[in-house]
1. State whether the residues of the range 4-12 include one that is in a strand (DSSP E or B) and out of contact with any Gly (no Cβ under 9 Å at 6 or more places or on another chain).
2. Just one of P2, P10, P17 is open to solvent by 100 Å² or more (accessible area, probe 1.4 Å) and without any contact (Cβ under 8 Å) to a residue 60 or more places away in the chain; which is it?
3. Look at V39 and say whether it is modelled with pLDDT of 95 or more, surrounded by 13 or more Cβ atoms within 10 Å (Cβ to Cβ) and more than 16 Å from the chain's Cα centre (by Cα).
4. Every residue in the range 42-51 that is more than 22 Å from F62 (Cα to Cα) and open to solvent by 100 Å² or more (accessible area, probe 1.4 Å), please.
5. Cβ contacts < 6 Å: first residue part of a helix (DSSP H, G or I), restricted to the range 23-44; second residue open to solvent by less than 100 Å² (accessible area, probe 1.4 Å) and hydroxyl-bearing (S, T, Y), any location; separation 6+ or different chain. Result?
6. Kindly indicate the residue of the range 1-27 that is β-branched (V, I, T) and more than 13 Å from G52 (Cβ to Cβ) and also modelled with the lowest pLDDT among those meeting that condition.
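The values are calculated or read from the model by the stated rules, or taken from the named source; none is laboratory data. Computed from a predicted model, the values in this text were never measured in an experiment. Counting neighbours? That spans all protein chains shown, and the Cβs are built from the backbone with ideal geometry, glycine included. Protein only, heavy atoms only, side chains kept; ligands, DNA and RNA dropped before computing areas. Shrake-Rupley method; radii C 1.70, N 1.55, O 1.52, S 1.80 Å.
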Amino acid sequence: MPLHRALTEPIMMASVPRSLAILNGTLSAAVGLGLQQWVAGLVLWIVVQAIGVFCARHDAQFVEVLARHLRHRNYHGC
């Protein structure tokens, strides 16, 4: 039985995972509007978005992998 493509692909916004896109936009807007640092907010958004696109091209679920890595960091460590 064939599966619809939407069931097997991750949800992306602007070529990055949805959770990262929302977090990036929220933090950049907080810096740009809340702190009134327009240039810093724009630069933050561009840099994080570019890094997210680069990572998502290699692994679309890198956010979940990073969260799991940070949660289990010292499990196998010395």
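1. Looking for residues that are in a strand (DSSP E or B) and out of contact with any Gly (no Cβ under 9 Å at 6 or more places or on another chain), one finds at least one in the range 4-12, hence yes.
2. After ruling out the rest, the residue left standing is P2.
3. Against the criterion (modelled with pLDDT of 95 or more, surrounded by 13 or more Cβ atoms within 10 Å (Cβ to Cβ) and more than 16 Å from the chain's Cα centre (by Cα)), V39 does not qualify.
4. L42
5. Every condition considered, the pairs that remain are G41/S28; L44/S28.
6. Top of the filtered list is T8.
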